[in-house]
Each structure stands twice: as structure tokens, then as C-alpha cells.
């Protein structure tokens, strides 16, 4: 009898413990006492359990360290709390991630933990693969969400091709992508180069996951979605007013500049891409520029482009076609250029003809690590607000801004090649234009949202 009673007591205890770890669909991934269910990969930063928290300590080395879950997860909601001891320390939460044994590195999605003045916590980084997918330049209000020297509540939601991040109940990043699923979860200690920072701590606690009946928490309309599926609109984008300007299949919605229809040469649609073909390198000497049939006022415009080596092209906006000029039609231009090869990069003034610049007017302030070379896709974005404030982005980073029609803008026009055109760039509405500059350039995922 005593044996039966003891067995029932142990069973009850085990059941009680299980119910604490798995209630309302949530499963605890950390028991508060041990690192059971986890293993270390990558670098050699030490992990320990102290006072019911997982503690990682920074070490000098070449590899980032990861405490990874034994189990892999696909669709889930993950919640945990984290704290970093110092602004010099960088960390992150890996999810839908994997391990490359040949390189000894972890790769996959990462919820960034950034205590520096950059303030990109909650952004999405693709560790050891593509780099930044959702930098917080795309959602500036969320940059204030992270608390240094205090615990922060993190939430990651994954369902199908959609990933959403939250930080202290603030919506941060919205990503549509299909690179990795399923994968493990991992707690990162970033490598350091300065011995003075060795031993700095990162803390994690209250780690739990839900894997059944996943419903994404609604995101506000104001948050920009990065959609890496070519020529695709998510339901979130559709509900927020986004429309495709290129359907990936045809030239519908486009026509030749100063032409009634689409050019019969010089352009083609192939493999989901709108391609301007190579000719002699001259302006509009082959098929010519193409423009949207519709004109736009205030808008948020996204597009992907792939240059060929040495290529020159551009995306123009507020093109009215009223000038009837020879060569490329007139408008404000987001410059598309292979800066390392094409001579135009050294022309103009102060670099204002380089990639992503407002051509011949304002230089794009960009870092080399955020530029993908010819043969790879880059993401461009132009926002024209109803008050005529304009911003250019390259791969999620804001590279310039200006006030259309302002005194400083007109001063720049007066010393540019556009000074001969009255009221240049100040039309109330205009076409979007893709330039034929005689070099092969590929476009896709061209989409727009009109702003009120």
C-alpha cells in the first residue's frame, strides 16, 4: 500500500510540474534551475544558471556563441525577457535557425538586441547569411522601446511565411519570407574584440513558447512590411492599400515615355522580372524609358533592382512628359548605378550621381555593407509625404531626405543640369518612370501605396 501511495504522490507531483510548464497552450523552455533542453554551438562564451536566470558572458573570440534549443519549431509564438549589462554588448534571439557544421556557425533569423545608440532592438537580422532584413530605420518609433539595464519583454510570432516582432508590447518588425523553416531557437552572446568588455553579462528568463492554434497579433497600418517574396502582396499589405505596379507576368500598367503603347523592343518580361535590355549605353536610344499609365501625388514606393556590371539606370518620379525632350524624360531620379565601374559615379557634384542619390542634386549617405553588388538584388524605397517631404531608402536604410519645392531644393536645382526646366520636380502629380540608359537592369516587386 505504501508503495502505491508513494507512486501516486510522485505521479501527482510530476503532473503538477508538467501543468506548470504547459498551461494555456504555453510550454516553458527554461526550468529556472538547469540548462536542460539546451546545447551550446558556435563560440565558447560561458552560459550558466544564476538566481533563476540564464546568464551569458562575453568573451574575446572570432565566433558568436549560441545556446540552442534541442527542439526545432516552425509556427509559434515565443515570449521571454532579456537584459544586457552594458551598451557595448550585442545579443540576439535566433529562431527558425540551423547550424552549419563545416563553418561551425549558426545561421537564420535573429531578433536583434542592441543597447547601442543605434537602437535597432527588435529588428530582424539574418545571421551568417543575408544580413539585415528589417533594420529599425524602417520603424523609427519602435527605436525607443528597448530599456537598457532593465528587463525587456520580447515576443516573436511566426506563422507560415510571416514573422512579427514585439518589444515591450511595441510592434517592431513585420517580415514576409521563406528562407528557413523550421529551426531551433538560440540565445546569442556576440563575440567581442576588446578584452576590456570581457565578462559583460546578458540575462534571459521566463522563456516560453506556444505552437498550437497560432494567430498573429494585428499590426498597425503605420508599420512597413518587408516582403521578400517576388511580386507578391501579403494580406497585410493589401489591407493597408498597397498595389503592385508590375504583376510579374506582363507589361500591364506601363507604356513608353512619349509613346502610346509599350515599346516593341528594348524591354522584356522574363522569369518574373521586368528587364531593360542592353544596347549602346545611351539615354533612351533603344526601347526608351517606360512610365506608369497612372500619375501619383503622395506615395510610398518600393522596388527591387538588380544591376549588371557597369550598369546605369534610374527610377524617376513626378514625370509629367510635358517637356517633349530628347533622351530620357524629365523627373526626380533615384539613381541606379554601379558606382565602382560606371564613370558617372565620379561626375556631378560631391557624389550626387552615385547609387540611390537624388540624381545631380543630393548624394545618398550609404555604407558599403548595406549595398549588394551587381548580380544581386537590392531593395529601393521612395516616400513622398503629402507635405512634400521626400525620403530615399536603400536596403532598409534611409540614405537621404529633402523638402520638395523648398528654398534649399530650388538652390540645388539652380546649380544642376535641371536648371533649364521651369519648376523642375515640383509638379503636383506625375508618372513613375524606369529608365532605359542602354544597360541591362532587372526590376521586380514594384509596389506602391498612395498617401493621403
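The values are calculated or read from the model by the stated rules, or taken from the named source; none is laboratory data. As the structure is a computational prediction, the values presented were derived from the model and not from experiment. Note that each Cβ is placed from the backbone with ideal geometry, even for glycine, and that neighbours are counted across all protein chains shown.
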Original post:
Pick from the stretch 365-394 the residues that are touching a residue at least 60 places away in the same chain (Cβ under 8 Å), under 19 Å from residue 227 (Cβ atoms) and part of a strand (DSSP E or B): which of them is nearest to the chain's Cα centre (by Cα)?
Top reply: 379
Subject >> Cβ-Cβ under 7 Å pairs, at least 6 apart or on other chains, the stretch 196-215 side more than 16 Å from residue 61 (Cα to Cα), far side modelled with pLDDT of 95 or more and assigned to a loop (DSSP other than H, G, I, E, B) >> reply: 205/52; 207/29; 207/30; 208/29; 209/29; 211/75; 214/75
**OP:** Take the residues in the stretch 248-259 that are free of Cβ contacts under 8 Å to residues at least 24 places away in the same chain and in contact with a strand residue (DSSP E or B) (Cβ under 9 Å, 6 or more places away or on another chain), then tell me which one is farthest from residue 324 (Cα to Cα).
**Re:** 249
Original post:
Pick from the stretch 19-46 the residues that are assigned to a helix (DSSP H, G or I) and touching a strand residue (DSSP E or B) at 6+ places or on another chain (Cβ under 9 Å): which of them is modelled with the lowest pLDDT?
Top reply: 20
Original post:
Only one residue in 271, 312 is in contact with a helix residue (DSSP H, G or I) (Cβ under 7 Å, 6 or more places away or on another chain) and assigned by TED's automatic domain parsing to the domain that holds residue 397, so which one is that?
Top reply: 312
Original post:
What residue, among those in the stretch 101-113 that are assigned to a strand (DSSP E or B) and either under 13 Å from residue 43 (Cα atoms) or at pLDDT below 95 (or both), is nearest to the chain's Cα centre (by Cα)?
Top reply: 106
Original post:
Which is farther than 27 Å from residue 252 by Cα, in a loop (DSSP other than H, G, I, E, B) and either at pLDDT 95 or above or in contact with a strand residue (DSSP E or B) (Cβ under 7 Å, 6 or more places away or on another chain) (or both), of 401, 426?
Top reply: 426
Original post:
Of all residues in the stretch 414-446 being touching a helix residue (DSSP H, G or I) at 6+ places or on another chain (Cβ under 8 Å) and crowded, with 21+ Cβ neighbours inside 10 Å, which is farthest from residue 376 (Cα to Cα)?
Top reply: 424
Original post:
Hey, residue 213 hits all of (1) within 21 Å of the chain's Cα centre (by Cα); (2) surrounded by fewer than 17 Cβ atoms within 10 Å (Cβ to Cβ) but one; which does it fall short on?
Top reply: (1)
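Residue-wise test of (1) at pLDDT below 95; (2) under 13 Å from the mean Cα position of the chain (by Cα); (3) assigned to a loop (DSSP other than H, G, I, E, B); (4) under 20 Å from residue 184 (Cβ atoms).
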| residue | (1), (2), (3), (4) |
| --- | --- |
| 126 | no, yes, no, yes |
| 132 | no, yes, no, no |
| 137 | no, yes, no, no |
| 142 | no, no, no, no |
| 148 | yes, no, yes, no |
| 157 | no, no, no, yes |
| 163 | no, yes, no, yes |
| 166 | no, no, no, no |
| 172 | no, yes, no, no |
Original post:
Is it true that some residue in the stretch 218-241 is free of Cβ contacts under 8 Å to residues at least 12 places away in the same chain, more than 30 Å from residue 155 (Cβ to Cβ) and out of contact with any strand residue (DSSP E or B) (no Cβ under 9 Å at 6 or more places or on another chain)?
Top reply: no
Original post:
Are any residues in the stretch 180-210 within 17 Å of residue 153 (Cα to Cα) and buried (at least 20 other Cβ atoms within 10 Å of the Cβ), and if so, which ones?
Top reply: 185, 186, 187, 188, 202, 204, 207, 209
**OP:** Would you check if there is a residue in the stretch 291-308 being in contact (Cβ under 8 Å) with a residue 24 or more places away in the chain and out of contact with any strand residue (DSSP E or B) (no Cβ under 8 Å at 6 or more places or on another chain)?
**Re:** no
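Quick grid of which residues meet (1) assigned to a loop (DSSP other than H, G, I, E, B); (2) modelled with pLDDT of 95 or more; (3) in contact with a helix residue (DSSP H, G or I) (Cβ under 7 Å, 6 or more places away or on another chain):
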{"residue": "17", "(1), (2), (3)": "no, no, no"}
{"residue": "48", "(1), (2), (3)": "no, yes, no"}
{"residue": "63", "(1), (2), (3)": "yes, no, no"}
{"residue": "79", "(1), (2), (3)": "no, yes, no"}
